[in-house]
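Have a look at the structure below before the remarks.
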Amino acid sequence: MAASFDRDARTALADGQLRGALRQATDLFAERRRAALATVPDWEGARDRARAIKDETLLHLDRYLEQFTTNAERAGARVHWARDAAEACEIIGRIAEQRGARSVVKSKSMASEEIHLNERLARRGIEPVETDLGEYIVQLAGETPSHIVVPAIHKTKAQIAALFAEKLGIELSDDVATLAAAARQALRRRFAEADLGISGVNFAVAETGTILILENEGNARLTTSLPRTHVALMGIEKVIPRFADLEVFLQLLPRSGTGQVLTAYQSLITGTKRRPEDEGPEQLDIVVMDNGRSRMLASALTRQSLACIRCGACLNACPVYRQIGGHAYGSVYPGPIGAIVTPQLFGLAQSSALPYASSLCGACRDVCPVKIDIPAVLLHLRAQVVERRAGSGGALERLAFSAYAAVMARPRLFECLVRGVRTLGILPPLRAWTKWRDLRPLAPHSFREQWRARLRDPAAP
Ligand code: SF4
């Protein structure tokens, strides 16, 4: 999955168009975020409260999930439990078949990307259509999202215009309103025909059995209300204890994500419609998925990864993501949060490069609305990568560290080496490191040399 990170990152770095699109979008989001933060009187206090709620929930996750299930079912929903991706896809595919669904509309859901739901449904002869504009663009292009909030962030307006001209048969246009109208027209028909709507979940309230979906385009609202059946897919970490807790998360998520004070739509869904004449689906199925998440509950350090509210702020702030975009990470979750979540969800064997996809500058931790210490988790994962390598060979690395320890334990040898580097420069095997980095010039005389010289002659320079 992420074994090709090195190669894909280099390819991305060579793509000037991609880097331009990323720079423009991430700068804009960062600027909007800064302005939106200024409208909250106590931003730090809100971050602390959100983190405390998440910590409490994750400590008692079993209890809150049971409470959510009881209350959601009491309101008329059906709750299903999926251990992994295969089980989640099987449950959703079965529901679609039972309901005779052939055409499915989907609103944005990273969980559904995580389990490759579209491919699984297509194999059953069911056609899923993405209805979030960004997701629709990447689906038309046969690509995957490259950002958790802005799926088509890697695409320029000109690329989208060419794509729409080819796939939707419209005239080439660089007018955003014209492009959006073309997508809207194509999607309206899909909404009207759909037998089933699939959505993600931003928050699931244990106290009431309510799910909350935030969005800006109205497509999630249509997805969850027009078709006769609504399937909501959520990870186990989406649950929060109380309805009142939403107040703090609604302050943090839109501001951190898109720099909005509030998203255009907030759909609170509690069960199915009460009377036949009411609007809304007859059946609501909520699929609660683990898929590797419970492994992260094992320690306080890794558990915090599940506090993520998927705002995307850490991606926009990360100097690595800002240069290479999301596809290089080879995972549905890119950027700093992806670098800690992907190895934990899918295993280090396939993603051992990701914990190193960071300069550890801490920008992700500083912007995270729930104060996840991403650099600390990255270091923890790096230690695991090193342990794995040590267990399966890693002879070269062991040799290098033994040599380093031997040199550092022998002052004379250290001084000889420093003198050698000063005269001859860095030895060839280490030059790869300095190819893209500047090594600070060594002082003409080391501290030890100056010390000895002054002991001999206090007036020495
Ligand atoms: S780790 Fe924090 S900043 Fe990054 S997406 Fe999650 S909540 Fe947002």
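Each value in this text was obtained by applying a stated rule to the coordinates, not by laboratory testing. Note that the coordinates shown come from a computational prediction; the quantities given were computed from them, not determined experimentally. Cβ sites come from the backbone with ideal geometry, for glycine too, and all protein chains shown count toward neighbours.
So the values come out like this:
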| quantity | calculated |
| --- | --- |
| Point-charge dipole on Cβ atoms (K/R +1, D/E -1) for the chain, about Cα centre, debye to 20 | 1880 debye |
| Viscosity 1.306 mPa s, temperature 10 °C, Stokes-Einstein D of region 288-432 from Kirkwood C-alpha radius, µm²/s | 91 µm²/s |
| Rg/Rg_globular for region 42-294, with Rg_globular taken as 2.2 N^0.38 Å and Rg from C-alpha atoms | 1.01 |
| Simple label model, 7 Å out from Cα along Cβ direction - Leu262 to Glu66, nm | 3.6 nm |
| Extended-chain gain in nm, criterion 0.36 nm per residue less alpha-carbon gap, Gln450 and Glu415 | 11.3 nm |
| For region 42-294: relative contact order, % (alpha-carbon pairs under 8 angstrom, 6 or more apart) | 29 percent |
| Hull shadow area, averaged, region 154-197 [alpha-carbon convex hull, nm²] | 3.7 nm² |
| Measure of compaction for the chain (Cα Rg per 2.2 N^0.38 Å) | 1.15 |
| Cα-centred dipole magnitude for region 294-399, charges only on beta-carbon of K, R (+1) and D, E (-1), debye, nearest 20 | 100 debye |
| Label zone at Ala38, where the point sits 7 Å out along the Cα-to-Cβ direction: region 238-254 residues whose backbone N lies under 20 Å | 251-254 |
| ³J(HN,Hα) computed for each position of region 317-325 - Karplus, 6.51 cos²θ - 1.76 cosθ + 1.60, integer Hz, glycine/proline x | 8, 6, x, 7, 4, 4, 8, 10, x |
| Charge dipole of the chain about the Cα centre (unit charges at C-beta), most positive-ward option of Ala300, Met408, Ala161 | Met408 |
| Computed FRET value (nearest 0.05) for Arg7 with Arg83, which takes r as the C-beta separation and R₀ as 30 Å | 0.35 |
| Listed residue pairs exceeding 30 Å between alpha carbons, taken from Lys108/Lys273; Lys155/Lys273; Lys54/Lys108; Lys54/Lys106; Lys108/Lys157 | Lys155/Lys273 |
| Sequence of Tyr404, Tyr136 once ranked by neighbouring C-beta atoms within 10 Å, starting from the fewest | Tyr404, Tyr136 |
| Leu396-Ala181 pseudo-label distance in nm [points 7 Å out on the Cα-to-Cβ vector] | 5.9 nm |
| Range in the chain, longest, excluding exposed GluC sites (Glu not before Pro) [loop by DSSP; at most 12 other beta-carbon atoms within 10 Å] | 280-461 |
| For the chain, Cys with no neighbouring Cys Cβ under 4.7 Å | Cys89, Cys308, Cys311, Cys318, Cys361, Cys368, Cys416 |
| Charge-dipole axis of the chain as Lys and Arg at +1 and Asp and Glu at -1 on Cβ define it, positive-most pick from Ser446, His230, Val341 | Ser446 |
| HN-Hα J in Hz across region 122-128 - Karplus 6.51, -1.76, 1.60, θ = phi - 60°, x for Gly and Pro | 4, 5, 8, x, 10, 9, x |
| Principal axis dimensions, largest first and in whole angstrom, of region 404-456 by Cα | 40, 24, 15 |
| Relative contact order of the chain, pairs being alpha-carbon contacts under 8 Å that are 6 or more residues apart, as % | 22 percent |
| Label-point separation in nm, Glu387 to Leu172, each point 7 Å along Cα→Cβ | 5.6 nm |
